[in-house]
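Heads up: the structure comes next, in structure tokens.
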Amino acid sequence: GESVGLHLPTLSVQEGDNSIINCAYSNSASDYFIWYKQESGKGPQFIIDIRSNMDKRQGQRVTVLLNKTVKHLSLQIAATQPGDSAVYFCAETYYNQGGKLIFGQGTELSVKP
Amino acid sequence: KAGVTQTPRYLIKTRGQQVTLSCSPISGHRSVSWYQQTPGQGLQFLFEYFSETQRNKGNFPGRFSGRQFSNSRSEMNVSTLELGDSALYLCASSTEQAYGYTFGSGTRLTVV
């Protein structure tokens, strides 16, 4: 398949610290990127998105950075809280892909109180 | 407004059987995509339907099929189940192709 899940990278942070989750995407033609959060037993939950004509977008406590030169995406979470503990996925797609998202392998974020 | 609803939440089937999973999208959403999630392969795209037409298909065997009804509800079917089909099957809906997709909670399929 196009999304291969290997050992899930884990990021462990202290409550209140900032978290940075990284993602390398695969297709230089991708023009739309999304970050999802998935908690145990639930489906992925939309966090923030960014189009390829931008390099930064901010939401509530979250910022997504896009570096098209090296095909890299990052999600920054400010003042991380225990409720942020989950698996985070980046996803990419491009125009005319008919709803097909390509997901990264995911990163497990663990927040210590 | 109601989110994406998938039924059933859990399912146990025997090898060789077939199964049908259902997805009701958010009201007004006409695009529905299906994904398979496993620990080994992660999230993989199965297919997408828009206005009752399949617009895109992932790299899965023909045992995996789907359809969409005029009210945008969608079903996916897996025939001749194999142990490797055990997974969380996720449905997502959107008003446009691939933008702002909202996922359901999934159907956990176990094949024994």
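Couple of notes before you dig in:
- Each residue of region B:79-88 was assigned a 3J(HN,Hα) from its phi angle through the Karplus curve 6.51 cos²θ - 1.76 cosθ + 1.60 (θ = phi - 60°); the sequence is 9, 6, 4, 10, 4, x, 7, 4, 5, 9 Hz, with glycine and proline shown as x.
- Region A:1-93, relative contact order in percent, only Cα pairs under 8 angstrom and at least six apart counted: 37
- Shielded by partner chains, region B:68-112 residues - at least 40 Å² of accessible area, 1.4 Å probe, vs chain alone: B:Gln97, B:Ala98, B:Tyr99, B:Tyr101, B:Phe103
- For region A:58-75, backbone phi angles converted through the Karplus equation (6.51, -1.76, 1.60; θ = phi - 60°) give residue-by-residue couplings of 10, x, 7, 6, 10, 9, 10, 10, 10, 10, 6, 4, 10, 6, 10, 10, 9, 10 Hz, Gly and Pro being listed as x.
- By accessible area, using a 1.4 Å probe on protein heavy atoms only, the protein assembly as shown has 47% of its surface on carbon and sulfur.
- Note on A:Lys100: lysines with a C-alpha under 30 Å away, same-chain residues under 8 apart excluded, are A:Lys37, A:Lys42, A:Lys56, A:Lys68, A:Lys71, B:Lys1, B:Lys13, B:Lys57.
- Kirkwood hydrodynamic radius computed over region A:35-85 comes to 12.0 Å, based on all pairs of distinct alpha carbons.
- Qualifying chymotrypsin sites (Phe, Trp or Tyr not before Pro) in region B:1-101, where qualification requires a DSSP coil assignment and no more than 16 other C-beta atoms within 10 Å, comprise B:Phe69.
- Counting only residues at least eight positions apart within a chain, or on another chain, the aspartates and glutamates with an alpha carbon under 12 Å from that of A:Lys112 are A:Glu15, A:Asp17, A:Asp84.
- Each Lys and Arg adds +1 at its Cβ and each Asp and Glu adds -1 at its Cβ; summed about the Cα centre, chain A shows a dipole of about 200 debye.
- Linear extension gain, A:Thr69 paired with A:Asn27, 0.36 nm per residue minus alpha-carbon span: 14.0 nm
- Residues of region B:27-48 that lose at least 50 Å² of accessible area (1.4 Å probe, protein heavy atoms only) when the other protein chains are present, relative to their chain alone, are B:Tyr35, B:Gln41, B:Leu43.
- Solvent-accessible area buried by pairing B with A, both sides, nearest 100 square angstrom, 1.4 angstrom probe: 2000
- Take the protein assembly as shown with all the other protein chains still there, run a 1.4 Å probe, and you get 48 Å² of accessible area per residue.
- Cα centroid separation - region B:19-83 against region A:51-88, whole Å: 28
- Cα-projected label distance for B:Ser86 with B:Leu11, points at 7 Å along beta-carbon direction, nm: 1.6
- Taking amide H as placed 1.01 Å from N in the peptide plane, the amide H of A:Leu11 sits under 5 Å from that of A:Glu108, A:Leu109, A:Ser110, each at least 5 places away or on another chain.
- Distance between the 7 Å Cα→Cβ label points at A:Arg57 and A:Glu39: 2.3 nm.
The values are calculated or read from the model by the stated rules, or taken from the named source; none is laboratory data. Every value quoted in this text rests on a predicted model; they were computed, and no experiment measured them. Counting neighbours? That spans all protein chains shown, and the Cβs are built from the backbone with ideal geometry, glycine included. These accessible areas exclude ligands, DNA and RNA; they are computed on the full protein's heavy atoms, side chains included. Shrake-Rupley method; radii C 1.70, N 1.55, O 1.52, S 1.80 Å.
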